[in-house]
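**Student:** The structure that follows is given in the form of structure tokens.
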């Protein structure tokens, strides 16, 4: 899910800036495994019963791409990313891939860019941008290209985390988690705008919704929560006392009561 190796994409946040190689891939897959139901619920909002061509902008390890392929088994799912390592993973999963930097605009399926006078070789029924748009230098240009690429009746879906995932249920622990989130926000984690006016300016009508998922407590959920708090412990904005509390929490993490939950904001857009 990385458009810029220099600005490592983080599955909705800066968590993965501290994870490279296999570690990064594992964290991306954990997010999909734990909160995959929320992305399935996002697809329920699109109103697209069938598709022939789907484009996943910033596909990363393919978590969203696999969901799209499961939902639309007859569609060609084209994965766009600029990370060669990610693209090789996607090829191994059987996806069509396009290597492109989304800062340069919406890529055509053959890999060239869509300009004001050109469209993709095949109209696209669904453009999917999950936690990728806020990494793009010129979102307006990318969205305008997406609009030109869409088939009649096609849909653009933009997804962002509404807030960082929460894992702790005990009131005292939940307060510590809340302070960690505040420190993360102070350092710019999960920063993105309300995309509604930007999407509308690109020529779309937009419906904005929010999807919240409470995930089951599984080993993957525990591992994912531990990954979060391990990275919280490095936040410069965290007080010393809270950093000590996080370290103590990590030492006894197997005994912590979890309630994994996450909310995502969804913009479903149709060309006007």
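The values are calculated or read from the model by the stated rules, or taken from the named source; none is laboratory data. Computed from a prediction, not measured in an experiment: that's the story for all the values here. Methodologically, a virtual Cβ is constructed for each residue, glycine included, from the backbone with ideal geometry; neighbour enumeration extends over all protein chains shown.
**Student:** Being in contact (Cβ under 8 Å) with a residue 24 or more places away in the chain and surrounded by 17 or more Cβ atoms within 10 Å (Cβ to Cβ) is the filter here, so list the residues in segment 178-190 that pass it.
**Tutor:** 179, 180, 183, 184, 189, 190, listed by residue number.
**Student:** Filtering segment 122-152 down to residues that are outside any loop (DSSP other than H, G, I, E, B) and free of Cβ contacts under 8 Å to residues at least 40 places away in the same chain, which residue is nearest to residue 68 (Cα to Cα)?
**Tutor:** Among residues in segment 122-152 that are outside any loop (DSSP other than H, G, I, E, B) and free of Cβ contacts under 8 Å to residues at least 40 places away in the same chain, the one nearest to residue 68 (Cα to Cα) is 152.
**Student:** Search segment 236-251 for residues being over 19 Å from residue 185 (Cα atoms) and either within 27 Å of the chain's Cα centre (by Cα) or free of Cβ contacts under 8 Å to residues at least 24 places away in the same chain (or both), and hand back the single one that is surrounded by the fewest Cβ atoms within 10 Å (Cβ to Cβ).
**Tutor:** Once the filter is applied, the top-ranked residue is 251.
**Student:** Would you be able to tell me the number of residues in segment 153-180 that are outside any loop (DSSP other than H, G, I, E, B) and either under 19 Å from residue 215 (Cα atoms) or touching a strand residue (DSSP E or B) at 6+ places or on another chain (Cβ under 8 Å) (or both)?
**Tutor:** Of the residues in that region, 18 qualify.
**Student:** Next question. Go through 21, 111, 94 for me and flag whichever is at pLDDT 80 or above and on the phi > 0 side of the Ramachandran plot.
**Tutor:** Answer to the check: 94.
**Student:** In addition: Tell me whether segment 191-198 contains one or more residues that are surrounded by 19 or more Cβ atoms within 10 Å (Cβ to Cβ), in a helix (DSSP H, G or I) and at pLDDT 95 or above.
**Tutor:** No, because not a single residue in segment 191-198 is surrounded by 19 or more Cβ atoms within 10 Å (Cβ to Cβ), in a helix (DSSP H, G or I) and at pLDDT 95 or above.
**Student:** Next question. Inspect segment 198-212 for any residue being out of contact with any strand residue (DSSP E or B) (no Cβ under 9 Å at 6 or more places or on another chain) and free of Cβ contacts under 8 Å to residues at least 12 places away in the same chain and give the result as yes or no.
**Tutor:** no
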